[in-house]
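Student: Pasting a structure below so you can have a look.
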Amino acid sequence: MKKIVVLISGQGTNLQAIMDACARGVLNARVAAVISNKADAFGLQRARQAGIPTQVFVRSDYAGNAAMDLAIGDYIDAIGADLIVLAGYMKILSAQFTRRFQGQIINIHPSLLPKYPGLNTYRQALEAGEREHGTSVHFVNEEVDGGAVILQAKVPIFAGEGIADIEQRVKEQELRIYPLVIKWFIEGRLQLKQGEAYLDGQKLPPQGYA
Ligand code: GAR
């Protein structure tokens, strides 16, 4: 059975969806460990509740980002993880880390990439007067939110809505699409080749599977 390691910093609702999909047998995989860069991340409690090992790596314990990422990488290698899933991990991974695990790291980002990489995507979309927003699952490379997009989900923005309304709609979609992409990967259907995402041997378009 394939092993997944999930990196979190906060609530862990995506983590929960992934653990549930494993428990239900939707994913022929198990979450072998949950890593957090925040000791108080609620997602750690979710992992412990499910009997999954947790490990906290805090930046202040290391000389630099690269040293911390080296330790995280060694931990992941010791587990022998097949896939590294970033699920609300709010710290930028070093280029050494992303190169070390090239093609094995995926992230979910709350925007229709390449629009709005980085932080505060909901506020930016609202301020720009967007009529739609969404979320993207992508392979991770050294560019922040810059790797090949695998799958996106769009949601409408209605007049008068605030961040919380849109966030809730986006989150619903995330819980649906992230386990699906993980399933593709686990089944060996999804690969990264020369920086491009391939599903069933077909190169995916820039906006991912459509
Ligand atoms: C998710 O909405 C995810 O898209 C976002 O953090 C949230 C984590 O929620 N990720 C990023 O902003 C990464 N740049 P969760 O902890 O409840 O899964």
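Student: Using r as the Cβ-Cβ distance of residue 3 and residue 102, and R0 as 30 Å, what FRET efficiency do you calculate, to the nearest 0.05?
Tutor: Approximately 0.95, to the nearest 0.05.
Student: To continue, here is another question. Kindly provide the helix-only [θ] at 222 nm of the chain, computed as the sum of -39,500 (n - 2.57) over DSSP H runs of four or more divided by all residues, to the nearest 500 deg cm²/dmol?
Tutor: -10500 deg cm²/dmol
Student: Enumerate the amide H contacts of residue 113 below 5 Å, restricted to partners 5 or more residues apart or on another chain; note that Pro and chain-start residues carry no placed amide H.
Tutor: The list, which skips near neighbours in sequence, is 136.
Student: Could you work out how far helix 163-186 tilts from the main Cα principal axis of the chain, as a 0 to 90 degree angle to the nearest 10?
Tutor: Orientation of helix 163-186: about 50 degrees from the principal axis.
Student: With a 1.4 Å probe and every protein chain kept in, tell me what percent of the accessible surface of the chain is carbon plus sulfur.
Tutor: Solvent-exposed carbon and sulfur of the chain make up 49 percent of the total.
Student: Excluding residues fewer than 8 places away in the same chain, name every one of the lysines whose C-alpha is closer than 25 Å to that of residue 3.
Tutor: Within the straight-line limit of under 25 Å, residue 3 reaches these lysines: 38, 91, 171, 183, 193.
Student: For helix 65-79, what angle does its Cα long axis make with the longest principal axis of the chain, in degrees from 0 to 90 and rounded to 10?
Tutor: 70
Student: With the Cα gyration tensor of region 62-172 giving a ≥ b ≥ c as the square roots of its eigenvalues, does the rule (a/c under 1.5 for rounded; else a/b larger than b/c for prolate; else oblate) give rounded, prolate or oblate?
Tutor: Because a/c hits 1.5 or more and a/b exceeds b/c, region 62-172 counts as prolate.
Student: Assign one of three labels to the chain, namely rounded, prolate or oblate, based on the Cα gyration tensor with a ≥ b ≥ c the square roots of its eigenvalues; rounded applies when a/c is under 1.5, prolate when it is not and a/b is larger than b/c, and oblate otherwise.
Tutor: rounded
Student: Quick one: what are the phi-derived ³J(HN,Hα) couplings along region 21-38, Karplus 6.51/-1.76/1.60 with θ = phi - 60°, whole Hz, x for glycine and proline?
Tutor: Listing the rounded values in order: 5, 5, 4, 7, x, 5, 10, 7, 7, 9, 7, 7, 6, 10, 10, 9, 9, 10 Hz.
Student: Quick query: amide H of residue 2 versus all other amide H atoms, modeled in the peptide plane; which residues come in under 5 Å with a sequence gap of 5 or more or a different chain?
Tutor: Close amide H contacts, sequence-distant or interchain: 30.
Student: On to the next question. Amide H neighbours of residue 197 under 5 Å, at least 5 residues apart or on other chains, H built in the peptide plane: list them.
Tutor: Long-range HN contacts for residue 197: 204.
Student: Something else: Along its principal axes, what span do the Cα atoms of region 6-131 show, with the longest given first and each in whole Å?
Tutor: 46, 40, 29
Student: Still on this structure, I have one more. Looking only at 197, 67, 164, which one moves most when the chain is put into a Gaussian network model with springs between Cα atoms under 10 Å?
Tutor: Taking springs between Cα atoms under 10 Å, the residue moving most is 164.
Student: Between residue 142 and residue 24, what is the FRET efficiency for a Förster distance of 35 Å, r being their Cβ-Cβ separation, to the nearest 0.05?
Tutor: According to the calculation, E is roughly 0.50.
Student: With just the Cα atoms defining each centre, how far is region 1-71 from region 184-202? Give it in Å.
Tutor: 23
Student: Write down, largest first, the equivalent ellipsoid semi-axes of region 70-131 in whole Å, where each equals the square root of 5 times an eigenvalue of the alpha-carbon gyration tensor.
Tutor: 30, 10, 9
Student: Which value results for Rg/Rh of region 11-78 when Rg is the Cα radius of gyration and Rh the Kirkwood radius based on the inverse mean 1/r?
Tutor: Looking at region 11-78, the ratio lands at 1.02.
Student: On full extension of the chain, what length is gained from residue 79 through residue 167, given 0.36 nm per residue of separation minus the C-alpha to C-alpha distance?
Tutor: 28.3 nm
The values are calculated or read from the model by the stated rules, or taken from the named source; none is laboratory data. From a predicted model like this one, the values you see are computed outputs, not experimental measurements. Quick reminder, even Gly has a Cβ in these numbers, built from the backbone with ideal geometry, and neighbours come from all protein chains shown. Heavy atoms of the whole protein, side chains included, go into the accessibility calculation; ligands, DNA and RNA do not. Shrake-Rupley method; radii C 1.70, N 1.55, O 1.52, S 1.80 Å.
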